[in-house]
Amino acid sequence: MKKLKLNKKLLKRKRTDEVMHGTPLHYNAAVAAKYKKALDKHIEAMSKEVKREFKKLFETKHAKDFFDTADASIASQARMLLNALNKKFTQLFLDLSVNLAETMVSGVDNVSKNTLKKSLTTMTGIGINTAIQGKELSNVIKASLTANVDLIRSIPTHYFTQITGEVMRSVTSGQGLYDLLPAIERYKGVTKRRAKTIAYDQTRKAYNSINKARMQKVGINKFMWHHSHAGLHPRKLHERMDGNIYSFDNLPIIDERTGERGIPGQAVNCKCFMSPVLEFDND
């Protein structure tokens, strides 16, 4: 493994300094926004088709007669329509998942190369090659791809689980479209908010994990934790960690309830970030 080698001039210049800091590593929100926009496009199409197909079903003469006669066949038709739509969009998101995940991870990887190189150059005065690959980085990229593919594929599953209940309630209550159309709009919003969480949370996770692998590859084994001071309900633990220096060999606890250890951005919706650190001892 190729480690960072500090030249004698650098060591002499920094001999009296105990710690050297790189600039903070902020993730690129544009990558997350692009990811979210792609997910929103397909969620919008899914919701639009569900609304259109159920309007067609419930506005037929047979359906209108059902709400007067309680003919059980309309419930069967509604369930068959749900199954068909669920199958169609499950396959659509399945087909999209790999490309969307690869686009996000590739974007994050490129941002990492550039931002980390600038940070390390600021810290050491040396131009360090951050484009180098390694087993750890490859594993991080593969894990990020797998996690995002699974999350993208879960979007229609969550959506149709919620919509199915609303459709059947609209049938059994006899309300038809009166209750169903607002429910479809409501769950479109719920699904888009979940997609936003996936896009931004996974982008931050991938970025910080890739930076960690790259930093370790070039011999940087410590980092400073920076709290984002963003969000309405910041984690008190993460606020207390702000400015502390940690080692990748002994990661800090990031969740007091579970004892989970990790890096900034690892916890769900964590917006914290890090900067590379070199510490010198007396020798």
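Some notes on this structure:
- Taking a ≥ b ≥ c as the square roots of the eigenvalues of the Cα gyration tensor, region 191-245 is classed as oblate, since a/c reaches at least 1.5 and a/b does not exceed b/c.
- Annotation: for a label point projected 7 angstrom from Cα along Cα→Cβ of Arg186, no residues of region 29-60 have a backbone N closer than 13 Å.
- For region 19-24, backbone phi angles converted through the Karplus equation (6.51, -1.76, 1.60; θ = phi - 60°) give residue-by-residue couplings of 9, 10, 10, x, 6, x Hz, Gly and Pro being listed as x.
- Rounded to the nearest 20, the Cβ-based charge dipole of region 185-283 about its Cα centre (Lys and Arg +1, Asp and Glu -1) stands at 860 debye.
- Rolling a 1.4 Å probe over the heavy atoms of the protein chains gives region 135-270 an accessible area of 47 Å² per residue.
- Whole-number D in µm²/s for region 26-162 (Stokes-Einstein; Kirkwood sum over Cα pairs; 20 °C, 1.002 mPa s): 116
- Calculated FRET efficiency for the pair Lys51/Asn114, C-beta based, R₀ 51 Å, to 0.05: 0.75
- Convex hull of the chain built on C-alpha atoms - directionally averaged projected area, nm²: 17.6
- Summed side-chain charge close to Val31 - residues other than Val31 whose Cβ falls under 14 Å, Lys, Arg +1, Asp, Glu -1: +4
- Efficiency of FRET between His21 and Ala147 - r from beta-carbon atoms, R0 41 angstrom, step 0.05: 0.85
The values are calculated or read from the model by the stated rules, or taken from the named source; none is laboratory data. This is a predicted model, so every value here is computed, not measured. Here the Cβ is made from the backbone with ideal geometry for all residues, glycine too, and neighbour counts use every protein chain on show. SASA here: full protein model, heavy atoms, side chains in, ligands and nucleic acids out. Shrake-Rupley method; radii C 1.70, N 1.55, O 1.52, S 1.80 Å.
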